[in-house]
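For reference, the structure discussed in these notes is given below.
The values are calculated or read from the model by the stated rules, or taken from the named source; none is laboratory data. Predicted model, so just to flag it, every value in this text is computed and none were measured. Ideal geometry is used to build each Cβ from the backbone, glycine not excepted, and the neighbour counts take in all protein chains shown.
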Amino acid sequence: MNVLLFRPRPDKETIGLQNVMICEPLELEYISANIEALGHTCTIVDMIIEKKNVAYFVKLYNPDVVGITGYISHVNIMKRYAKEAKEVNENITTIIGGVHAEVNPEDFVSPYVDYIIRANGIRTFIDILNKLDKSEKKNQDSENAENKTSEIVVNDDEIECIYVPGKKPPKKDTTFNYLYPDRNKVDKYRSKYYYMFHRNCTLIKTSFGCPYNCKFCFCRQIMDDQYFARDLEDIVNELEQIPETEIYIVDDDFLVGRERILKFCDLLEQRGINKKYLIYGRADYVASNEDVIKRFKEVGLRAVIVGLESCDSRQLDDYNKRTNVAINEKAVGILKKYDVECYGTFILGLDWTKEDFNALYKWIKKLGLVFVNLQPLTPLRGTDIYEKYKPRFIVREDEYEKWDLAHLVVRPDNISVRKYYWYTMVLYYKITANPVSGWYMVKKYGLHDTLKLSIGAVAVNNQYWKKLIEGEKCRKN
Ligand code: SF4
């Protein structure tokens, strides 16, 4: 089969991380490697970078199957891509995958979508292709035998992990035995991929799920609260094959287990693998494993994205974060001590007033953090906090493009929507757009990269201004 895979471009309404980062579509590279090994052909189109439309690529590659992946903010776009593919050729089979489809598959139901992958993406994609292959073969046999076309109905029940309304969700695999992703498939886009100051960064996934259970977190839902990690030798073998130096380990939490991380560091050293790593890690791990951070730094740790979430221990308890402010402060101090960049992510409470925004600013300033991501608490469907906040939604659930963890989707308790956006913007300005932070970035990352990031930040800022001017535009469901 000839397969065409799309990574969607976000809607212009979506407040865009793509202005400060574009990462390779790792999940599509996995699909590509594993289906081509079975004799199919595959092309990946990254619509974030491409200028032409879906119809153009469908006509160019003439696929039998179109696969589309994405997140919650892409739902409408993904369905539109499926429609546009079918409009070029109604015989194309369209397949939807991605983390949102796994948790909320019903959102993708459409006359233009043939299959929604509910779990175990790579295996299920292969199952669908096998089914289509069988069906095509039967049709050919039937044509040969009777010299006429006969419709063969594909029995979807035979594909274990696709979405079938009313059918119990399938179990997620807790092993991962697939070929490495075919990163060459996006060679022509490679120079455009970056994460903040990490240029040409290559993604790798080494574990699935997270052993913790923060109430707001969507990551847990994707793996049904299960956690498993790949074998370290296998991971290091994969790293050895990657020519790029900057590596972004996209695990929900890479820092799990002292011995595992220390062994990982030893293996990197033994094999002479010389790369720079950007990872996700928890503050409590960093705070209680200073020696591991020191060791990891020696073999390439460059930056850690830490979910600090709050400067108020009661709020951390509310989120079931299992950390506190003292732990957060210790973690930031340790990362600073070993010159490991800390990208702090924070959740802005819905009951916040101006004083809360000011308190967070003072705390961030005290810690000397330069890079922060500020997200209003967003109760995504599937998380523990969804039902509680649903009556207060000010963004319709089918306005998926606004569910980007930057839009305010719940009416705040104590201040207006406009004020909420304004205080968020001011907080960003005060932390990142000041001479001290600017000079820090220029000194550490150079003028070119600082300017590039600043241009992206200005684009995000303009989107926030738009929100501020709009205020609360709530449409009824
Ligand atoms: S927020 Fe982080 S630590 Fe908490 S459950 Fe999600 S991935 Fe795990």
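General observations
- Sole exception among (1) in a loop (DSSP other than H, G, I, E, B); (2) more than 10 Å from the ligand (Cβ to nearest atom); (3) not polar (S, T, N, Q) for residue 233, by number: (1)
- Options 264, 254, 228; residue that is within 16 Å of the ligand (Cβ to nearest atom) and surrounded by 19 or more Cβ atoms within 10 Å (Cβ to Cβ): 254
- Of all residues in segment 183-194, none that is in the same structural domain as residue 22 (by TED's automatic domain parsing) and outside any helix (DSSP H, G or I) has its Cβ atom under 7 Å from the Cβ atom of a residue that is at pLDDT below 95 and not β-branched (Val, Ile, Thr), 6 or more apart or on another chain.
- Residue 274 satisfies every condition listed in (1) closer than 23 Å to residue 27 by Cβ; (2) away from the ligand (no atom under 16 Å from the Cβ); (3) surrounded by fewer than 21 Cβ atoms within 10 Å (Cβ to Cβ) except (1).
- Search result, residues across segment 203-224 that are at positive phi and near the ligand (Cβ under 9 Å from one of its atoms): 209
- Answer residue from segment 304-341, given it is more than 16 Å from the ligand (Cβ to nearest atom) and not in a helix (DSSP H, G or I) and is farthest from residue 249 (Cα to Cα) among those: 312
- When 359, 406, 459 are checked against the criterion of being surrounded by fewer than 17 Cβ atoms within 10 Å (Cβ to Cβ), in contact (Cβ under 8 Å) with a residue 12 or more places away in the chain and closer than 25 Å to residue 22 by Cα, 459 stands alone in meeting it.
- Considered as a group, the residues in segment 61-108 that are part of a loop (DSSP other than H, G, I, E, B) and without any contact (Cβ under 8 Å) to a residue 40 or more places away in the chain include one that is nearest to residue 383 (Cα to Cα), and that residue is 71.
- Residue match in segment 254-269 (condition: closer than 23 Å to residue 194 by Cα, touching a Cys at 6+ places or on another chain (Cβ under 9 Å) and modelled with pLDDT of 95 or more): no
- Members of segment 236-251 that are under 21 Å from residue 292 (Cα atoms) and either β-branched (Val, Ile, Thr) or more than 10 Å from the ligand (Cβ to nearest atom) (or both): 236, 239, 246, 247, 248, 249, 250
- Cross-chain or 6+ apart pairs with Cβ under 6 Å, segment 214-227 first and within 11 Å of residue 380 (Cα to Cα) and in contact (Cβ under 8 Å) with a residue 24 or more places away in the chain, then near the ligand (Cβ under 7 Å from one of its atoms) and not aliphatic (A, V, I, L, M): 219/210; 219/252
- Residue 348 passes every criterion in (1) within 24 Å of residue 229 (Cα to Cα); (2) within 16 Å of the ligand (Cβ to nearest atom) apart from (1).
- Those residues of segment 437-461 which are modelled with pLDDT of 90 or more, of a type in the set (A, V, I, L, M) and under 15 Å from residue 371 (Cβ atoms), in sequence order: 441, 442
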